[in-house]
Amino acid sequence: MQNKQAEQFEDYSIISNRMRNTKPSFIREILKVTENPEVISFAGGLPNPISFPQEALQESMNRIIAKYGQKVFQYSTTEGLRPLRQWVAKRYRERYHLQVTEEDIIITTGSQQALDLMGKVLLNKGDLVGMEEPGYLGAIQAFSLYEPEFCGIPLLEDGLDLEVLERVLKENKVKMLYTVPNFQNPTGLTYSLEKRKKLGELLRHYDTVLIEDDPYSDLSFEAEVLPYAGAGVLENSVVFGSISKIITPGLRLGWICTKNQTIREQIVVAKQASDLHSNIFAQYLIYDYLEHNDLKEHIAKIKELYHSQSDAMLRAIARYFPKEVKVTRPKGGMFMWAELPQGLSSMKLFELAIKENIAFVPGNPFYTKEGEVNTLRLNYTNSDATMIEEGIKRLGKAIQTILEDSSMNQ
Ligand SMILES: Cc1ncc(COP(=O)(O)O)c(C=O)c1O
């Protein structure tokens, strides 16, 4: 009996189809390699620790225990801490002029849980999900658990290719469309105002649910705040937010904002079944932090650092990358995206680069279809200017090597 169990475990026959069809995060695998301190890593999507206001959070921790006592340790409501939801709603009213209240906000365990909950609530096996191509691999992974069909819509410099999207919408029932409109992961690209307007206009004719996942808009290097395509425009609009990139990812707090009552009610049921509620201690902690500190000032420090790191990377790229390589110029956020000449494989580049102790994420996991690609993601938030220069120099050399060595090309 015991042997039978061991056999089953090895051949994964006891594991559900849904899990067997879901890949582990490729980035988590790469991060294991980058634990070596010799490696300069542009791979992770980690915020710089400058964004963690440790002392202020310590003060808040002491204050909430003294102020609220046992409440901060007790079970709580699924929707989340009301004053925190009020803070989120107020911010949407002030920054985006959205007519939302705390009733439209559900606090989640990071926006990653929001992805899972949306999949759980909306997707039947085989449903069609529109994804930016390339798109956030954590979303591909989260939705994969619900066994949908993916349809990649090319992402252009100014946002989704709306001609392709319109064709797809006309020919198929697209259950939901997932977008990251600001400083997208992985490309760093941002949707133009015109694209946002046209996307909202187009989707008015369909019942597709538009998700605008927005963890990066606060990290803009420019003053302009662009409106959402769907929020305030579409019935089936859902926006996600997160504290991960502006305060800390470790507390795992994010939110879903939607005026669609049916979606909200179902999300609450799904979340009850999943974790009852997000960590209430963390919710009190963040609410207290927001009450007693100037978030705008805090974010300004993060943006200044990221802007200088992004500039340092662009300068090094101009100096060390072969001119055939194309790179996006992000106006905020944490990533840029490089495209090697056609025919070169970024996975082969990765294998070569890692020998030179330099890491990045090859483009492959950001596409819904498998196959060789010539693109890669570079993160600039976690290395100082000297490391950025050295890392890009090494990477430039590795690119030059595969450019010259035709045996390494596809
Ligand atoms: C586009 C996008 N969505 C969601 C997440 C997950 O963030 P959170 O820490 O809020 O779960 C990330 C994290 O990198 C992301 O880039």
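FYI, it's all coordinate maths here, none of it is from the lab. No experiment lies behind these values; they were computed from the predicted model shown. Using ideal geometry, Cβ is built from the backbone for each residue, glycine included, and neighbour counts are taken over all protein chains shown.
Any residue that is under 21 Å from ILE153 (Cα atoms) and surrounded by fewer than 18 Cβ atoms within 10 Å (Cβ to Cβ) - is there at least one of those in the stretch 379-394? Among the residues of the stretch 379-394, not one is under 21 Å from ILE153 (Cα atoms) and surrounded by fewer than 18 Cβ atoms within 10 Å (Cβ to Cβ), which makes the answer no. When the residues of the stretch 374-410 are filtered to those that are touching a residue at least 40 places away in the same chain (Cβ under 8 Å) and β-branched (Val, Ile, Thr), the one that is nearest to SER346 (Cα to Cα) is THR375.
In the stretch 107-124, the count of residues that are surrounded by 15 or more Cβ atoms within 10 Å (Cβ to Cβ), part of a loop (DSSP other than H, G, I, E, B) and within 16 Å of the ligand (Cβ to nearest atom) is one or more.
Looking at the stretch 182-205, is at least one residue part of a strand (DSSP E or B), without any contact (Cβ under 8 Å) to a residue 60 or more places away in the chain and more than 17 Å from LYS331 (Cβ to Cβ)? Checked against the condition, which is being part of a strand (DSSP E or B), without any contact (Cβ under 8 Å) to a residue 60 or more places away in the chain and more than 17 Å from LYS331 (Cβ to Cβ), the stretch 182-205 yields no hits at all. Sort out which residues of the stretch 46-101 are outside any loop (DSSP other than H, G, I, E, B), surrounded by 13 or more Cβ atoms within 10 Å (Cβ to Cβ) and among the small types (Gly, Ala, Ser), and write them in order of number. Those that are outside any loop (DSSP other than H, G, I, E, B), surrounded by 13 or more Cβ atoms within 10 Å (Cβ to Cβ) and among the small types (Gly, Ala, Ser): SER51, ALA56, SER60, ALA89.
Does ALA229 fit the bill of being farther than 21 Å from GLU163 by Cα, in a loop (DSSP other than H, G, I, E, B) and away from the ligand (no atom under 13 Å from the Cβ)?
no
Conditions tested, residue by residue: (1) more than 16 Å from the ligand (Cβ to nearest atom); (2) within 23 Å of GLU102 (Cβ to Cβ).
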| position | (1), (2) |
| --- | --- |
| GLU194 | yes, no |
| THR208 | yes, no |
| PRO215 | no, yes |
| GLU222 | yes, no |
| VAL239 | no, yes |
| ILE246 | no, yes |
| PRO249 | no, no |
| ASN260 | yes, yes |
| LYS271 | no, yes |
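Within the stretch 242-266, how many residues are within 15 Å of GLU79 (Cβ to Cβ) and surrounded by 17 or more Cβ atoms within 10 Å (Cβ to Cβ)? Residues flagged as within 15 Å of GLU79 (Cβ to Cβ) and surrounded by 17 or more Cβ atoms within 10 Å (Cβ to Cβ) within the stretch 242-266 amount to 9.
Applying the criterion of being under 22 Å from the mean Cα position of the chain (by Cα) and touching a residue at least 12 places away in the same chain (Cβ under 8 Å) to the residues of the stretch 46-78, the residue that is farthest from LEU219 (Cα to Cα) is PRO53.
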